[in-house]
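To keep things clear, I will list the structure first and then write my remarks on it.
Where a number appears in this text, it was derived from the coordinates with a stated rule and is not lab data. On a predicted model such as this, the values are computed, not experimentally measured, just so you know. Because the Cβ atoms are built from the backbone with ideal geometry, glycine has one as well, and the counts that use them run over all protein chains shown.
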Ligand code: PEP
Ligand code: MN
């Protein structure tokens, strides 16, 4: 249940509701989020209590939906959440494109990719400095040196940085170098880490756990929201299935499902979602057709020699082709793709404080 207070609700009203809930032994949380003051209660509330609350004048609305992720849910907020990262609107009409290597490998590599992206009108660069590798013998990333390199390359070419925070001990180190903090699939269930990210004042892109049901993914987002960080992006990155032909099974249906359940922006990562270069463009098109608000794509100048995820990384010219294919789908559903508005951003005023 969600109890939304009126904008002018008095502190006595808030205190009164707390006392009522405590008397009834109903565990609650009180939040100020998306410019609303709300109580959330996930245990069952009986009709008598709902009626008592219904008579309190400082209450705007009582939403009796029983959801384990009230703050992430459309029950709280029908309009879609959007916010700005530098001059870019996330979760608006336009489809955001994030591209870059799986791992930051060298100055030459990341500056080369940043230059390529800026020429293509892309606004976000990705690249991991700390890599969650399955084998400890594989390349683990350049660490802090990598973070410095991606930041310098992004600043040189006017891009925003999306990079993974691998662990709670690395939040402080990663924070100054990132514009969006990526939370990897393996960390989606790391609830203590999620709570810490809820206290950070930068957007968090939360990848779906590779074996996580949609409800668990939304509850993971809820962990971040309950601590006060309102800027959460959900990213579908494929789930494990029985089929060894693909690295993961891209759950395209999860995109409209999550958009029906939640107001948060939803991105798609067809690179990890398939693990195969030749599938990345068609699956990107499918994700956009299904309603994805953004795409995250792995690219590399020399994928055959990439230090991680080469098999799913696009050659630069394939990425150019991907953008033109995705634009066709975006046009068909009436949404602009970021490069089209890079010179004259229509939404720029949204990002001016
Ligand atoms: C990545 O984006 O490089 C990555 C490791 O992704 P995931 O957490 O989805 O495996
Ligand atoms: Mn990768």
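Here are some notes:
- Selected residue (criterion: nearest to residue 182 (Cα to Cα)) from residues of the stretch 293-318 that are more than 16 Å from ligand 1 (Cβ to nearest atom) and in a helix (DSSP H, G or I): 316
- Any hit, the stretch 140-157, residues being touching a residue at least 40 places away in the same chain (Cβ under 8 Å), in a loop (DSSP other than H, G, I, E, B) and surrounded by fewer than 20 Cβ atoms within 10 Å (Cβ to Cβ): no
- Elements of type helices (runs of 4 or more DSSP H) in the stretch 171-254, at least 2 residues being within 12 Å of the chain's Cα centre (by Cα): 214-226
- Yes/no for residue 186 being within 16 Å of ligand 2 (Cβ to nearest atom) and surrounded by fewer than 23 Cβ atoms within 10 Å (Cβ to Cβ): yes
- Residues of the stretch 256-275 satisfying the condition of being more than 12 Å from residue 95 (Cβ to Cβ) and away from ligand 1 (no atom under 15 Å from the Cβ): 256, 257, 258, 259, 260, 261, 262, 263, 264
- Taking the criterion of being within 12 Å of ligand 2 (Cβ to nearest atom) and not in a loop (DSSP other than H, G, I, E, B), the residues of the stretch 100-139 that qualify are 100, 103, 126, 128.
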